[in-house]
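Peer 1: Below is one structure. I have some questions about it.
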Amino acid sequence: FKEAVQKLLASTSAVRLAAAPPPPKRAAVAPEKANALLERVVSVYEKTFAEVPDGRAYLERRGIADAGLFSCHRVGYANGKLKELLPSGGTVRDELKAIGVLLDNGHERFAGCVTFPVYGPDGRLVTIYGRFTGEGPKRHVYLPDRSTGLWNAAAVKSYPEIVLVESVIDALSVMMAGHRNVIAIQGTNGFDEADVKTLNTHGVQAVTLLLDGDEAGGKAAARLRPRLEAAGLTVTVKALPENEDPNSYLVGQGAEALARFLLSAAWTPNELQPIVSAETGASMP
């Protein structure tokens, strides 16, 4: 029998192994409890941002240095020490793993990230977005199984005109230029029919698309413009130079130049003409 088994194995090119049982699914956390936990996490990260300089230093390197913006939008920083603040007993750790704040190995999903809570127009917490501050391919960090939401969505309740940008950093850059009526759509594919309905419901009348000056940004603008116009909105497209985004434009040209571009009738920054002072005759950028 032993020889027969050996011959059989030798003549078989592949041996079918029993499939490993799937890992047990984590118990779902009730939505109200999940959001309460996320609010507590936001508070911890907000406190860490105020006490640990890394997050603020990163944003300042990106030209974003308004402390009022930090507090208004509850900007936080995850230094990887959240687990040290959690109770050793109870269910909190498992619940944070189920939500995705903690990974299976206990480490934080947002470790090394500046964090931004994302709220809906009604003030309900939708998710947390993280912008990784270190090197490497990791850049944008989101919670799993949740909508990425619209950052600063509450602007639809206050402004009839909205500027749409791709990322939270871009939105903060536009705010640094004096425009608070800006919403980050969280990527070129982060704006759907429900979001168009949100604009209509709250009386938004006009939209400016200020997307990245790359191929993806151009395609997104071409895709979004007819959809927004079909919803009765007046749409303006502001084209940034190739491979520029609102933040790189802020860093390279300054807040005044970005503000002037947004207020001008120019379609692209290259169309802007220097402003000549009536008093001195000197050109101003």
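The values are calculated or read from the model by the stated rules, or taken from the named source; none is laboratory data. Just so it is clear, the model here is predicted, and its values are computed rather than measured. FYI the Cβ positions are ideal-geometry reconstructions off the backbone, even for glycines, and counts take in every protein chain you see. Surface areas here come from the heavy atoms of the whole protein model, side chains and all, with no ligands, DNA or RNA. Shrake-Rupley method; radii C 1.70, N 1.55, O 1.52, S 1.80 Å.
Peer 1: In nm, to one decimal, how far is the GLU193 label point from the GLU271 one, both placed 7 Å along Cα→Cβ?
Peer 2: Reported label-point gap for GLU193 and GLU271 is 3.3 nm.
Peer 1: Roughly how many Å² of ASP245 are accessible to a 1.4 Å probe, to the nearest 10?
Peer 2: 40 Å²
Peer 1: Within the set LYS33/LYS197; LYS197/LYS219; LYS33/LYS83; LYS47/LYS81, which residue pairs have Cα atoms separated by over 20 Å?
Peer 2: Numbers: LYS33/LYS197 28 Å; LYS197/LYS219 22 Å; LYS33/LYS83 18 Å; LYS47/LYS81 12 Å.
In this structure, LYS33/LYS197; LYS197/LYS219 lie more than 20 Å apart at Cα.
Peer 1: If you plug each phi of the range 124-137 into the Karplus form 6.51 cos²θ - 1.76 cosθ + 1.60 with θ = phi - 60°, what whole-Hz ³J(HN,Hα) values come out, in order, with x for Gly and Pro?
Peer 2: 7, 5, 8, 6, 10, 10, x, 10, 5, 9, x, 8, x, x
Peer 1: Related question: Over the chain, with every protein chain in place, what whole percent of the accessible area is carbon and sulfur at 1.4 Å, could you tell me? Walk me through the numbers before you get to the answer.
Peer 2: Working: 8320 of 15550 Å².
Percent of accessible area from carbon and sulfur atoms in the chain: 54.
Peer 1: Also: Need one number: % antiparallel among DSSP beta bridges in the chain, to the nearest 5. If you can, show how the numbers build up before the last one.
Peer 2: Values: 16 of 27 bridges.
Bridges in the chain are about 60 percent antiparallel.
Peer 1: Can you sort TRP267, TRP151 by 1.4 Å-probe accessible area, starting with the largest? Don't skip to the end; give the middle numbers.
Peer 2: On the way: TRP267 135, TRP151 5 Å².
Listed by decreasing accessible area, they come as TRP267, TRP151.
Peer 1: Percent antiparallel among DSSP beta bridges with both residues in the range 126-285, to the nearest 5? Don't skip to the end; give the middle numbers.
Peer 2: On the way: 6 of 17 bridges.
Percentage antiparallel, nearest 5: 35.
Peer 1: Leaving out ligands, DNA and RNA but keeping every protein chain, what accessible area does SER264 have, in Å² rounded to the nearest 10, with a 1.4 Å probe?
Peer 2: Surface open to solvent at SER264 totals about 30 Å².
Peer 1: Quick one: work out the % antiparallel among DSSP beta bridges in the range 75-216, nearest 5.
Peer 2: 65 percent
Peer 1: Quick one: Debye curve from the alpha-carbon atoms of the range 99-174 only, equal weights, vacuum; give me log10 I(q)/I(0) at q = 0.18, 0.26 Å⁻¹ to two decimals.
Peer 2: Treating every Cα as an identical point scatterer, log10 I(q)/I(0) equals -0.79, -1.32.
Peer 1: A follow-up question, please. Could you state, as a whole-number percent, how many of the C-alpha pairs of the range 132-200 are farther apart than 18 Å?
Peer 2: Working: 961 of 2346 pairs.
Summing the P(r) tail past 18 Å for the range 132-200 gives 41 percent.
Peer 1: Using the heavy atoms of the protein chains and a 1.4 angstrom probe, tell me the accessible area per residue for the chain in square angstrom. Could the numbers behind the result be given before it?
Peer 2: Working: 15550 Å² over 285 residues.
The answer is 55 Å² per residue.
Peer 1: Take the Cα atoms of the chain, build their convex hull, and give its volume per residue in Å³. Working shown, then result.
Peer 2: Details: hull volume 61.1 nm³, N = 285.
It is 215 Å³ per residue.
Peer 1: If each of LEU85 and SER43 carries a label point 7 Å out from its Cα toward its Cβ, how far apart are those two points in nm?
Peer 2: A separation of 1.0 nm, rounded to one decimal place.
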